Amino acid sequence: MTILAECANGFEAVKAISDLSPDLVFLDIRMPGLDGFEVLELLPPRADGGPAVVFVTAYDDFALKAFDANAVDYLLKAVRPGPFRGGARAGAAPPRRPPAARRLRPRTRPLTRVVVKDGATISILPAATIEWIKAEDDYVLLRASGRSHLKQETLANLEAQLPPGRFVRIHRSYLLALDRLERLRPTPTGGQEALLRDGTVLPVSRAGARLLRDRLGSSSAG
């Protein structure tokens, strides 16, 4: 095995993996800059499906998420010498939730931030700054801190990962952060729309209006 690079943070890892195209990558979960999952998300696709990824971490919370991300192994520190449970090698088919992963605690945590790549620019959006999200075909448009960001992701997948107590699906194409809502107001056609604190107006479906009233209470929703 030839070591092509060692990286001090997630940003260096993205660049090194993109430039060097290694067959095998060892990633930690918690790293400076970007975490291991964010590094994988930002890597450009390769025709050979690589690289194979092994997580080496002190955290057992993320094992199932790691194997869902097609990691070939998940090793808890301190790692003892020996063969990888997943048989990590170039071209190996990634296992899906092997017995070793099921022995770890299958906890999941909502995203605290969303990473967006635009060319060579990487933006990290704290979940607390996201105002609303709109589906745009195979992308989502995120409005955060008064700026718009486009990310290749489905709205449903992103919704499942964000803090459920803060976001609500107000329409099939929109997620809204509850703390950005000023009030619901009627439309001339008898429907409802959401007026946000910055003056933005978003469509609200009947199901979305019911969800808002359930979450906020009829009096606070308008």
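Annotations for the structure displayed:
- Residues of region 1-32 classified as closer than 20 Å to residue 121 by Cβ and either assigned to a helix (DSSP H, G or I) or in contact with a Gly (Cβ under 8 Å, 6 or more places away or on another chain) (or both), total: 13
- Qualifying residue in region 41-52 (condition: at pLDDT below 85, closer than 28 Å to residue 126 by Cβ and in a loop (DSSP other than H, G, I, E, B)): yes
- Test: residue 150 is farther than 18 Å from residue 214 by Cβ, in a helix (DSSP H, G or I) and touching a residue at least 24 places away in the same chain (Cβ under 8 Å): no
- Looking only at residues of region 53-78 that are open to solvent by 40 Å² or more (accessible area, probe 1.4 Å) and assigned to a loop (DSSP other than H, G, I, E, B), we find that the one that is farthest from residue 114 (Cα to Cα) is 78.
- Filtered residues of region 179-221 (kept if part of a loop (DSSP other than H, G, I, E, B) and open to solvent by less than 60 Å² (accessible area, probe 1.4 Å)): 187, 191, 199, 200, 205, 217
The values are calculated or read from the model by the stated rules, or taken from the named source; none is laboratory data. If you're wondering where the values come from, they're calculated on a predicted model, not measured in any experiment. Methodologically, a virtual Cβ is constructed for each residue, glycine included, from the backbone with ideal geometry; neighbour enumeration extends over all protein chains shown. Keep in mind that these areas ignore ligands, DNA and RNA; they rest on the heavy atoms of the full protein, side chains included. Shrake-Rupley method; radii C 1.70, N 1.55, O 1.52, S 1.80 Å.
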